[in-house]
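Q: Quick one: the structure is below, questions incoming.
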Amino acid sequence: MSTETSEPHEDAAPPRRLEDLPGPRALPFFGNTLQIRLADMHRQFEAWSERFGSVYRIDFGPRLALIVADHEVIAQVLRDRPQQFRRPLSGGRISSEMGFDQGVFFANDEVWRHQRRMVMAGLDPAHIKAYFPSLLRVTERLRARWQAAARAHAGIDLQADLMRFTVDAVAGLAFGAEVDTLSGDEDVIQRHLNKIFPALSRRLFSIVPYWRYVKLPKDRELERSVAEVQAAVRGFIAAARERIAADPGRREHPRNLLEAMLNAADQPGSGVGDSDVAGNVLTMLLAGEDTTANTLAWMIHLLHRHPEVLARARAEVLQVAGEPAAFTFDAMSRLDYLEACAHETMRLKPVAPIIAAEAVHDTVVAGVLVPAGTVVIGLMRRDSLREQYFSDAQAFRPERWLDGAAIAATSAKRVAMPFGAGPRMCPGRYLALLEIKMAAAMLLASFDIDEAGGAAGAEVPERLAFSMGPVGLRMRLTERRTVAAAG
Ligand code: HEM
């Protein structure tokens, strides 16, 4: 199969037309839309790829979309951004209709280019190291919350607690102010965001954009929430500017993501200003909260189901990192096995199981003519579960990501792509991996996991909203008596 995306008619054989591709049977006018179950769309698409092959079409009513499951073709499409492909325009339109400043996730063209530079400046490994003390405080709060639950013999709603952890971690960095949803439930902004993000996710996946024609009471309430959050973000920006003015050392060494973004925006020729910073404060929360929380939830579940893996990960944590209050950035970077557990979790349970890109011009993908404006949907997991690329592909085997298997691990990263690929690859990946390792290391060092499963016990169902998470995970913990000193 050709993996090229190119101008049409360059290939010797004429490209196939989307209309001629196989795909599920479509109804007149509605196409396949009535068949698609939004919360389960990724699995439905994966199942169709077994039936129709690695390139097929879906009819979204007015438009056909190209579905690709071959990782090389997907990687090529993702790498061909921003020239040949962009983020689908619908996302940017929906977020600005809701009243948000534009952020890098939905931006395209020049706006994206400038914002991407600013965001990257705040999320590179050197900056992440400076954020470590703030992340450690949040990790300690999660530990205190779980200690209280363990002492009360109470069950833990795992995802809800992990969301609190990632909210506090990312919001603390993006707002430049302490946010504490782990100790109490009273954070006002978070209450608004809990309305806003699910609404955004619903609108992104919605088939009829009713809100363009009628405004229901819940839409007006949403508008008020967005306005309040926007005002709060402007307040955080003003406060950060004052801090930087009072302590110019923060220009060199920003203490949080907000300061780093403001500094990058203030560089001559940056092409970005305060409204770009504001858009990206919220984008960090949107892109960084439930992706990281869901990955952690899946990882804890998989560790619990594989006691021999858990034991090895715990031994590494106790030897390398020791007592959670004394965790260091350097110790976290030496937790190779725990990091391999995260990679293996993301191979089996990628929280972004589909990535969409929209053709900017008419182009050819895998021998299929893709007209400008067509959405190409990459199925990120299909090849990750194939024996051809991973032996014993269904098994949870973190060893496959370790250095001893260096070549295999490098090529495995090219197949799995949990953070996407190319110029729009996730800029938050270093931060995400650090948060994941800190929370998991704290858990393994401080607690025995008595239970981390679903209501039904067996397979935990997957649910796709903005990201793909487990349904109904409950955890029970017992405190461990001794924590070894760091080696
Ligand atoms: C385990 C956690 C995470 C996963 C699996 C993940 C995954 C992804 C994926 C698949 C994309 C799309 C990449 C592409 O189009 O090629 C993305 C984009 C993005 N992510 Fe993450 N992400 C995670 C955590 C984070 C965090 C913690 C942040 C920031 C605090 C973040 C910020 C972003 C942003 C800003 C984009 C848009 C980049 C652009 O369009 O240029 N992500 N992420």
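Q: Please compute the length gained on full extension between VAL214 and GLU323, using 0.36 nm multiplied by the number of residues separating them and subtracting their Cα-Cα distance.
A: 33.7 nm
Q: From the C-alpha gyration tensor of segment 171-246, pull out the three semi-axes of the equivalent ellipsoid (sqrt of 5λ each), sorted largest to smallest, in whole Å. Don't skip to the answer; put the middle values down first.
A: Numbers: eigenvalues 172, 44, 23 Å².
In descending order, the three semi-axes are 29, 15, 11 Å.
Q: If you line up the Cα atoms of segment 15-63 on their principal axes, what length do they span on each, largest first, in Å?
A: That gives 33, 26, 13 Å along the principal axes, largest extent first.
Q: Please state the charge dipole magnitude for segment 5-479, taken about the Cα centre, from unit charges on C-beta atoms (+1 on K and R, -1 on D and E), reported in debye and rounded to the nearest 20. Display every interim value, and only then the final one.
A: Values: 57 positive and 60 negative charges, 136 e Å.
Result for segment 5-479 is approximately 660 debye, rounded to the nearest 20.
Q: Could you tell me which of MET299, ILE244, VAL214 has its Cα farthest along the dipole of segment 156-308 towards the positive end, charges placed at Cβ (Lys, Arg +1; Asp, Glu -1), taken about the Cα centre?
A: VAL214
Q: Can you list, bin by bin at 5 Å, the percent of alpha carbon pairs in segment 342-389, starting at 0?
A: 5, 19, 20, 17, 14, 13, 9, 2
Q: Return one whole number: the accessible area per residue of the chain in Å², for a 1.4 Å probe. Before the final figure, lay out the partial values.
A: Numbers: 20910 Å² over 487 residues.
Using a 1.4 Å probe on heavy atoms only, each residue of the chain averages 43 Å².
Q: Same structure again: Largest first, please: the extent of the C-alpha atoms of segment 5-479 along each principal axis, to the nearest Å.
A: Principal extents (Cα only, largest first): 63, 52, 45 Å.
Q: Calculate what fraction, in whole %, of the accessible area of the chain sits on carbon and sulfur atoms when a 1.4 Å probe is rolled over the protein chains.
A: 55
Q: So what are the radius of gyration and Dmax for the Cα set of segment 237-310, in Å?
A: 18.3, 54
Q: Which ³J(HN,Hα) values, rounded to whole Hz and listed in residue order, are derived for segment 233-250 from phi using the Karplus coefficients 6.51, -1.76 and 1.60 in 6.51 cos²θ - 1.76 cosθ + 1.60 with θ = phi - 60°, glycine and proline given as x?
A: Karplus-based 3J(HN,Hα) across segment 233-250 equals 5, 4, x, 4, 5, 4, 5, 5, 4, 5, 4, 5, 5, 6, 9, x, x, 5 Hz.
Q: Oh, and also: What are the residues whose amide H is under 5 Å from the amide H of LEU477, where those residues sit 5 or more places off or on another chain and H is modelled from the backbone?
A: ASP450
Q: Please list, in order along segment 142-154, the HN-Hα scalar couplings obtained from phi with the Karplus expression 6.51 cos²θ - 1.76 cosθ + 1.60 (θ = phi - 60°), rounded to whole Hz, x for Gly and Pro.
A: 5, 4, 4, 4, 6, 4, 4, 5, 5, 5, 8, 6, 9
The values are calculated or read from the model by the stated rules, or taken from the named source; none is laboratory data. Since the structure is predicted, the reported quantities are computational estimates derived from the model, not experimental observations. Every residue, glycine among them, receives a Cβ derived from its backbone with ideal geometry; neighbour counts consider all protein chains shown. Quick note on the areas: whole protein, heavy atoms, side chains included, nothing else; ligands and nucleic acids left out. Shrake-Rupley method; radii C 1.70, N 1.55, O 1.52, S 1.80 Å.
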